[in-house]
Amino acid sequence: MKGAEVNRRFSVVLNDTIARRINEFSATTGISKDKVVELAINRFLNDPDVIVRLVNGYMEMANLNREITKAFTPCEEDAELHLLEYRLKEPKKHS
């Protein structure tokens, strides 16, 4: 026989949009906010495809970020060089 399940408290910070959606769903369905969160978390954790899609999405974004960085690094280095040259030419200010 399985032992009684123990409830544990967690503190979670949610943005306004998610908090509003939880409140609206709870009010519309009559399901408590705690239960709504539990259902959402179980749905997420029990669906391996969700996790696979998230991981693939993060990997795709990492590759895109790498490409953007590679494309703009020379431009940023050039800007830094011009800024350094400008600062070296600038007359010293006395207090």
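A short reminder: the numbers here are calculations on the coordinates, not readings from a lab. What you see is a predicted model, and the numbers here were worked out from it, not measured in a lab. In this analysis, Cβ positions are derived from the backbone assuming ideal geometry, glycine residues included, and neighbour counts consider all displayed protein chains.
Dipole check for the chain: with +1 at the C-beta of Lys and Arg, -1 at the C-beta of Asp and Glu, and the Cα centre as origin, the magnitude is about 480 Debye. Taking 0.36 nm per residue of sequence separation and removing the Cα-Cα distance, the R9/D49 pair yields an extension gain of 11.6 nm. Dividing the helix sum by the residues of the chain, where each DSSP H run of 4 or more adds -39500 (n - 2.57), gives a mean residue ellipticity at 222 nm of -26000 deg cm²/dmol.
In the elastic network of the chain, a GNM with C-alpha springs shorter than 10 Å, the most mobile of V12, V37, V55 is V12.
With the charge dipole of the chain set up from +1 on Lys and Arg Cβ and -1 on Asp and Glu Cβ about the Cα centre, the Cα lying farthest toward the positive end among the listed residues H82, V52, A71 is that of V52.
Applying a DSSP loop filter and a limit of 16 other Cβ atoms within 10 Å to the chymotrypsin sites (Phe, Trp or Tyr not before Pro) in the chain leaves F10. Taking trypsin sites (Lys or Arg not before Pro) that fall in a DSSP loop and have at most 10 other Cβ atoms within 10 Å as cut points, what is the longest piece of the chain between them? So the longest stretch without any such site is 10-91.
A simple charge model with +1 on the Cβ of Lys and Arg, -1 on the Cβ of Asp and Glu and nothing else charged puts the dipole of segment 1-46 at about 100 debye relative to its Cα centre.
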